Amino acid sequence: MSRRGPYRQEAATSFFSDNHAHLSLAFKSDAPRPLRRAQVAATWALAARVLEGSGISQAILPTGTGKTAVITALPIATAAKRVLVVVPSQIVRRQVQREFSTLNSLKLANALRRNVAAPKVRALSKRIRSAGDWDSLSGYDVIVATPQCVSSKYGVPAPPPDLFDQIIIDEAHHSPAPTWNAILEEFATLPCAMLTATPVRRDRRQMPGEIVYTYSIREAIADGVYWPIAFIPVKFDKGETADDAIARVAIQRLNTRRHRDAGSQLLVRTNKIAEAYRLKALYERKGLELPVLVGTLSAREVNDIVERLEQGIYRGVIVVGVLTEGFDLKRLKIAAYHAKHRSFAATLQFVGRLARTLDDKIIEPELVAIPEDLSGETEVLYQEDASWGQLLPDIADVAVEKERASRHYLTTFIGKPEEFALTAVEPGRYARIFWIEPGIDVDLRSAPADLALRPVWRAFWESDGDLAAIITRSRVHPRWLRSTALDTEQYDLHLAFIDRGRRLLFISSDTEATTAELLAHFGASDAVQLDGEEVGKIVRSFNIEAFSSIGARSDQIDASSGASYKGLAGRAAERGITATDRLTASAGHAIGRFRVGGGVDSIGGAFDSAKIWQSSAGSLLAWRHWCLDIGSRLMASTSSSIGIAGLALRHRLASYPRDVLCVSLAAEIYINDVQLETANSTVHVSDIVLRGRAAGNSVLVGVDAAGKLIGTYVVKLDGTVVARSDIVALVQNERLRFSDILNQYPLTIIFADGTSVVRGRARILRSLDGAPPVEFRRWAWDGVDLSSESRVPEAGKINILAMTIAEVIAENPDSYLIVDDAANEIADLIVVRRSSARQASVTLVHCKWSSGEKPGHRLADIYEVLAQASRSVRWTVPTLLFPEIARRLGDRASTHIAHGDEKELREILSLYIRTPPRVQWTIMAVQPGLKLDGIGDWIHGNNMIAASGNWCEQQNAMLTICGS
């Protein structure tokens with residue numbers, strides 16, 4: 001904002017400079033009312049910074065410890081010329097004006113001679129509207145104003161540049177608000193002294209400036225300046241409302257002998273004007289007349305109420321919201337909290353009005369309220385046995401010390417941006433965590449030119465290089481708009497911190513791509529992310545009371561027709577985890593609630609991606625400390641792998657097991673309706689088959705469509721997918737590489753030994769205990785060539801398919817059998833049995849030849865047939881299966897009817913296509929090489945059968961296994 005030239009009416013001296021040499025600040029004296037240690041210390045601490053000529057300094061003094069005396073002493077201590085004092089309300093303006101006009105606090109402390117004339121004081125009650133209004137203030141030494149009178153946010157013109165040489169702000173926790181901040185910006189070249197009871201705001205917005213002095217509540221209590229507050233919990237009488245009960249107890253306390261003798265007064269707090277007048281009537285019915293002090297009153301009305309309170313005419317007052325700020329009424333000794341503050345900072349401001357000591361009497365202040373199950377930072381204060389004398393210092397003093405430490409820490413940063421203060425940076429508590437192997441030199445003291453095509457705008461880091469912050473800037477364009485008219489700039493914060501003692505690297509960034517690029521830039525490409533069990537240890541270390549959200553990632557063989565990820569939410573989400581989930585799924589994520597400092601917080605973990613987060617945010621130092629705490633929890637935990645809410649957790653894999661049973665796509669790929677381009681057409685992902693083959697530290701995955709290989713991929717040990725022969729994928733009309741999709745949504749690989757692997761993290765499928773029913777059938781295989789599934793058998797024998805057809809017909813003579821044994825088959829046999837026009841039963845039969853001459857327990861014999869059986873579950877949808885059978889019978893030569901009248905079957909299919917029936921589904925796996933005796937003791941095979949059986953059951957299908 002523009003400035004005018006030097007102020008033309010400036011006087012040579014001022015009251016403050018004339019009396020500077022006569023100021024004597026001493027807290028140990030025989031004065032009638034000596035200054036307190038805190039008042040003297042705060043004055044000189046602020047004065048030292050003010051005399052430097054510019055900048056903002058803060059002194060933290062609990063409410064009631066004498067900020068007004070500091071405000072009047074500071075201009076004299078610094079020989080100020082003319083001072084602007086900004087206060088939050090009419091009440092404070094009146095009190096500060098009176099103190100400057102009398103200098104009573106300084107005179108009674110013998111800090112000034114009793115005969116010293118007072119400075120010329122002007123309290124602004126109207127808004128400055130012109131340069132002439134500013135000029136009219138030149139004859140005064142001190143101007144006291146609320147922001148509404150002097151802030152440019154209200155259209156106030158710029159003041160003359162030399163009108164003031166110092167700014168003092170009382171109740172400075174308001175300063176981040178726009179109206180107050182505009183004042184700071186207008187007078188940015190002048191030194192500014194701020195006084196507040198707490199530097200911590202409810203909205204967590206940072207207050208500007210450096211904390212130069214702190215007087216803790218604990219010190220105030222020890223010095224006798226602050227009297228510990230007693231919490232009086234209110235209990236209801238029968239038929240009482242909460243307000244009735246609070247008023248009853250408050251009046252009882254006010255009428256006790258000690259409060260009557262002390263002349264105690266009652267402060268009644270609520271949060272709405274209408275409620276204030278309703279409470280006025282309530283208290284009058286109980287015999288106590290109280291005035292109402294609200295923001296709609298005129299200055300005259302407010303002054304009249306305050307004077308009557310000072311004279312003792314009123315025994316108390318009802319206030320709304322923040323109007324308690326600035327009350328300098330020492331006889332307010334009882335508070336009736338009809339509407340509690342939810343933040344600790346506001347609570348501290350409020351109770352500080354009660355806690356100051358009386359000059360002539362010792363009287364313990366009391367707060368009357370109903371104990372409630374509040375959540376958040378004030379919860380601990382309202383327990384039945386809460387000791388406010390202990391709790392207030394514990395909470396307030398720790399908060400102040402944290403703030404001071406944070407601001408000092410930020411002075412160590414290199415490359416600080418000019419556009420904003422680092423005190424305003426408040427990252428959320430989130431990070432992905434990596435192990436740094438010995439010998440890897442990680443250097444965080446530089447930044448790349450861009451991250452994932454987003455230019456790096458600013459970068460700054462600790463001087464020792466352990467923490468780096470990078471801000472990227474990018475253009476954001478609405479997808480639905482072809483114009484660039486609504487493009488906006490987006491700024492993203494990326495953080496990195498290395499805990500060198502534990503060799504842990506924490507990365508807080510918004511995408512997989514930016515995280516990978518940061519790792520590469522810092523020289524940590526070989527860093528290994530935490531596995532699921534390690535993330536689980538961290539989450540469990542918080543002593544979780546209950547989970548609000550849990551994700552169960554299916555370890556089933558295929559998930560194309562159902563959810564491979566089950567998300568649960570609620571007050572106790574873990575109750576939704578079933579026995580089947582515990583058997584066949586691992587934990588994907590969890591968010592748990594835990595108690596901390598009397599409040600409730602939450603901790604979240606994503607187990608496959610090594611992400612940890614908390615719901616709270618804080619300063620850069622708080623984020624650094626959080627990372628150190630997370631690392632400490634990881635290293636301190638000795639808990640075994642007990643999972644999360646009964647769900648297994650994955651561990652890091654040193655090498656892949658030998659035999660791949662099946663490869664499964666993530667559910668998100670099906671949900672996004674992904675299509676794959678082939679040479680002549682497109683195919684939906686539900687119509688492809690993934691086949692895998694392990695080779696040491698990688699798995700080769702082939703993608704088959706209609707029996708033809710259309711793509712090949714290598715899955716590395718860390719789960720990264722590299723294309724050998726990539727496929728173009730169509731997602732919502734956008735053409736993408738299928739390999740990019742597979743890297744975003746990881747594959748699940750099931751091995752023959754029962755190991756399930758996602759992104760290089762493994763778990764072993766659990767035992768059959770509590771598994772869903774699997775029906776076992778023992779067939780006689782005499783005269784069957786066990787090595788021939790459907791090809792020509794040995795002379796004098798039949799093949800397995802022929803044997804199966806005979807057995808099925810014998811069991812279901814009135815059924816229809818369709819042979820579909822070919823590439824891209826639904827099943828080798830499809831058995832349809834009509835129960836009624838609205839009901840049917842369908843069995844999908846899969847046959848597999850035996851690898852041995854005699855039945856036994858060989859994984860090779862069961863894993864392929866179970867994989868086929870499990871994949872065919874996707875056909876257990878009537879609207880999908882019956883039209884497909886009809887189509888195949890019409891144009892697929894390999895599909896034919898093996899049993900039943902063709903005309904009748906086509907009529908049934910036509911009926912079921914028009915009116916889909918309710919279907920009883922069975923999936924049958926036929927393997928003559930499987931020995932059923934002793935199968936319960938065959939752990940790996942049993943686990944594989946359990947996985948298949950559970951998967952079928954989840955799709956309302958029964959798994960039947962036919963063996964020997």
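Here are a few things to note about the model shown:
- The residue among Leu112, Cys149, Leu51 whose Cα reaches farthest toward the positive pole of the charge dipole of the stretch 15-215, with charges on the beta-carbon of Lys, Arg, Asp and Glu, is Leu112.
- Violating pairs (Cα-Cα greater than 25 angstrom) within the set Lys107/Lys333; Lys28/Lys67; Lys272/Lys333; Lys280/Lys333: Lys107/Lys333
- The percentage of C-alpha pairs in the chain whose separation is greater than 37 Å is 62%.
- Of the residues Gly132, Thr720, Leu690, the one whose Cα sits farthest toward the positive end of the charge dipole of the chain, with +1 on the Cβ of Lys and Arg and -1 on the Cβ of Asp and Glu, is Gly132.
- Using alpha carbons only, the radius of gyration of the stretch 579-732 set against its Kirkwood radius gives Rg/Rh = 1.07.
- Cα extents of the stretch 648-740 along the three principal axes, largest first (Å): 39, 27, 19
- For the chain, relative contact order (Cα pairs under 8 Å, six or more residues apart, normalised by length) works out to 7 percent.
- Listed peptides 679-691, 151-163 appear in the order 151-163, 679-691 once ranked by packing, highest mean of other Cβ atoms within 10 Å at the front.
- Residue-by-residue Karplus 3J(HN,Hα) for the stretch 683-689, coefficients 6.51, -1.76, 1.60, Hz, glycine and proline x: 10, 6, 4, 6, 9, 9, 10
- Paired Rg and Dmax values of the stretch 20-124, which use every Cα atom, in angstrom: 13.2, 37
- The distance between label points at Asn115 and Arg737 comes to 9.2 nm (points 7 Å beyond Cα on the Cα→Cβ vector).
- Percent of alpha-carbon pairs separated by more than 19 Å within the stretch 226-341: 44
- Ranking Tyr656, Ser615, Leu634 by how far each Cα lies toward the positive end of the dipole of the stretch 596-666 (charges on Cβ) leaves Tyr656 at the top.
- Listed from fewest to most Cβ neighbours within 10 Å, the set Lys280, Lys126 follows the order Lys126, Lys280.
- Per residue, the convex hull around the alpha carbon atoms of the stretch 774-963 comes to 111 Å³.
- Taking the DSSP beta bridges with both ends in the chain, the antiparallel portion is around 65 percent.
- With neighbours defined as other Cβ atoms within 10 Å of a residue's Cβ, the residues Leu35, Leu84, Leu653 order from fewest to most as Leu653, Leu84, Leu35.
- Dmax and Rg, reported as Rg then Dmax, of the stretch 802-884 (C-alpha, Å): 14.3, 45
- Two-decimal Rg to Rh for the stretch 14-56 - Kirkwood Rh, Cα set: 1.04
- Here Ala806 and Thr511 are evaluated by their C-beta separation; at R0 = 60 Å the FRET efficiency comes out at 0.55.
- Shown here are the Rg and Dmax of the Cα trace of the stretch 879-964, at 17.2, 48 Å.
- Relative to the Cα centre, the charge distribution of the chain, modelled as +1 at Lys and Arg Cβ and -1 at Asp and Glu Cβ, gives a dipole magnitude of about 3540 debye.
- With coordinates expressed along the principal axes, the C-alpha atoms belonging to the stretch 15-215 extend over 49, 39, 32 Å, beginning with the largest.
- Computed from Cα atoms alone, the Kirkwood hydrodynamic radius reported for the stretch 412-525 is 15.2 Å.
Any read-out appearing in this document is the output of simple, stated calculations on the displayed coordinates, not a laboratory observation. Remember, it's a predicted structure, so these values are computed and weren't measured experimentally. Virtual Cβ from ideal backbone geometry, glycine too; neighbours counted across all protein chains shown.
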